[in-house]
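The structure appears right after this line, and notes come after that.
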Amino acid sequence: MSAFDHDHSQDDPRLSRRKVLECMTWAGTGVLWSISGGVPHALGLIDSAQAAEPTGLTFLQISDSHIGFDKPANPNVIGTLEEAIGRIKAMPVKPSFMIHTGDISHLSKASEFDDADRIISQARLDVHYVPGEHDFIDEEVKLYRERYGRGTKGSGWYSFDASGVHFIGLVNVVDLKAGGLGNLGAEQLAWLEDDLRGRSKSTPIVVFAHIPLWTVYPTWGWGTEDGARALDYLKGFGSVTVLNGHIHQVMQKVEGNVTFHTARSTAFPQPAPGAAPSPGPMKVADDKLRGLLGIASIIFKPGDERLAIIDTPLQG
Amino acid sequence: MTSVALRNICIRVAVLAVMTACMTAARCEDLAVMIDNFTFEPAQLTIKVGTTVTWKNRDDIPHAVVSAGKFRSKTLDTDDSYSFTFTSPGDYAYFCSLHPHMTGMIKVE
């Protein structure tokens, strides 16, 4: 029995739609989510997820590689990123592309971005990036945009389409306000509203950004000040999936037609909200580390509007 | 005398002026704010004009110290420090530009 075995009965979708904040929980080893008719269903743990036959679009999410971090929580972040990419290369079905939800580097050094690129490129997949706050701390704040900003708007937001799914990459780590959370800003929100205008409500939407767009734990800054504005624009769409990083742990929530999901880091784990004095890197026993790092793969099957998220730890 | 030497003398005179102002003020001293567990400690400091405050990051994660329009540190990695000398009275609210829920206040009298 898993914590994710909520009863999203397909026979009575209205019941599921009424439930709010019901699926906020932490993952053990992995879970498969699918969406039918806009209603998310928890189908089971990773074994049954792997049994599902991906016939549509499959893409991957990696996050928070923090290349340059060398503290006790993981002195070898290059090694664990290499392990994550090794898992991707070994997948039986080659994914269509990869998204990286930010904090590629730890200190925005050119050498850190170089190392990350060298390793991630070995997956031989297109990678769609959004920045984390650690990617914008070089003195001139230019390296991220030089390397990853081509074809993007503002500080790096953009959208694209793949297999009938509309993908939106947002930036919520710029121009942060004292005492506040993540921030999208008026310019980006106006662009988002325009990007969605006139789009068919049956188009499945995947939004990805670094900091969670929903309020996970404001005491630690885990949320986005104006994230609710962005979610307002997504109301009415039948299938919305929001993918984030930043908090270095798997967390999921279902609210109406929106499934929220955060991915593990490939570098180091962070504590569950309130479980430690601060959200800083969590040192665990060496043999436990790889169970807390990992990647996510997301499967979209056209026709039946099924979208599944499978979290896979590096080990265990 | 070269312009560099002249400038150095000017800087020394300026530093001396600040130090003199500091010495004439009662209990003027340099103070430290530690960054531990994503908090500034102490979160509020009341100081005299001329005091230098030094922030030191003791977390495993980088932080930055920013007071809008007043002062701004580089990103401070673990064990990095940043110092600022307060030459005008007033309230200086500041925060970490990477983790904006981290806030602090320097009151300069």
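Taken together, the values in this text are just the output of simple stated rules run on the coordinates, not laboratory data. This is a predicted model, so every value here is computed, not measured. Positions of Cβ are generated from backbone atoms using ideal geometry, with glycine treated the same way; all protein chains shown enter the neighbour counts.
Gap in Å between the Cα centre of region A:242-298 and the Cα centre of region A:156-197?
22 Å
Applying the Karplus parametrisation 6.51 cos²θ - 1.76 cosθ + 1.60 with θ = phi - 60° to the phi angles of region B:102-109, what ³J(HN,Hα) value in whole Hz is obtained for each residue in order, glycine and proline being reported as x?
Calculated HN-Hα couplings, in order: 7, 10, x, 9, 10, 9, 10, 9 Hz.
Which ³J(HN,Hα) values, rounded to whole Hz and listed in residue order, are derived for region A:180-188 from phi using the Karplus coefficients 6.51, -1.76 and 1.60 in 6.51 cos²θ - 1.76 cosθ + 1.60 with θ = phi - 60°, glycine and proline given as x?
Once rounded to whole Hz, the list reads x, 10, x, 9, 8, x, 5, 5, 5.
Take every Cα-Cα distance within region A:57-104, group them into 5 Å bins from 0 onward, and report for each bin the whole-number percent of pairs it holds.
For region A:57-104, the binned pair fractions read 5, 19, 27, 23, 14, 8, 4, 1 percent.
Please find the FRET efficiency linking A:Phe160 to A:Ala186, where r is the Cβ-Cβ separation and R0 is fixed at 30 Å, and quote it to the nearest 0.05.
According to the calculation, E is roughly 0.85.
Counting only other chains, and only Cβ atoms inside 10 Å, what mean value do you get across the residues of B:32-39?
2
Could you run the Karplus curve 6.51 cos²θ - 1.76 cosθ + 1.60 with θ = phi - 60° over region B:70-79 and give me ³J(HN,Hα) per residue in whole Hz, x for Gly and Pro?
In residue order, the calculated couplings are 10, 8, 8, 7, 5, 5, 9, 6, 3, 6 Hz.
Around B:Ser73, under 13 Å between beta carbons, what's the net of Lys plus Arg minus Asp minus Glu among the other residues?
Overall, the nearby charge balance is +1.
Based on the mean of other beta carbon atoms within 10 Å per residue, what is the order of A:261-267, A:159-165, most packed first?
A:261-267, A:159-165
What is the order of B:His101, B:His63, fewest Cβ neighbours within 10 Å to most?
B:His101, B:His63
On a 32 Å Cα-Cα criterion, which of the cross-link pairs A:Lys142/A:Lys253; A:Lys142/A:Lys235; A:Lys71/A:Lys142 come out too long?
A:Lys142/A:Lys253; A:Lys142/A:Lys235
With the radius of gyration and the Kirkwood radius both derived from the Cα set of region A:56-313, what is their ratio Rg to Rh?
Reported Rg/Rh (Cα atoms, Kirkwood Rh): 0.94.
All other residues with a Cβ under 9 Å from the Cβ of A:Pro131 taken together, and with Lys, Arg as +1 and Asp, Glu as -1, what is their net charge?
Once all neighbours under 9 Å are counted, the net charge is -2.
Could you line up B:Ser88, A:Ser111 from fewest to most neighbouring Cβ atoms inside 10 Å?
Fewest-to-most ranking of B:Ser88, A:Ser111: B:Ser88, A:Ser111.
Counting partner chain Cβ atoms within 10 Å of every residue's Cβ in A:71-77, what's the average?
Shielding by partners across A:71-77 averages 1.
Please give the charge dipole size of region A:56-313, origin at the Cα centre, charges +1 on K and R Cβ atoms and -1 on D and E Cβ atoms. Round to the nearest 20 debye.
Dipole size: approximately 660 debye.
Could you compute the net charge surrounding A:Phe113? Neighbours are other residues with a C-beta less than 11 Å from the C-beta of A:Phe113; K and R count +1, D and E count -1.
Local net charge: -4.
Taking 41 Å as R0, compute the FRET efficiency from the Cβ-Cβ separation of B:Met34 and A:Lys288 and round it to 0.05.
0.85
How many nm is it between the label spots at B:Lys56 and A:Ser200, if each spot is 7 Å from the Cα in line with the beta carbon?
It is 6.3 nm.
In peptide A:215-224, what is the residue-averaged number of other protein chain Cβ atoms found within 10 Å of each Cβ?
Averaged over the peptide's residues, the number is 2.
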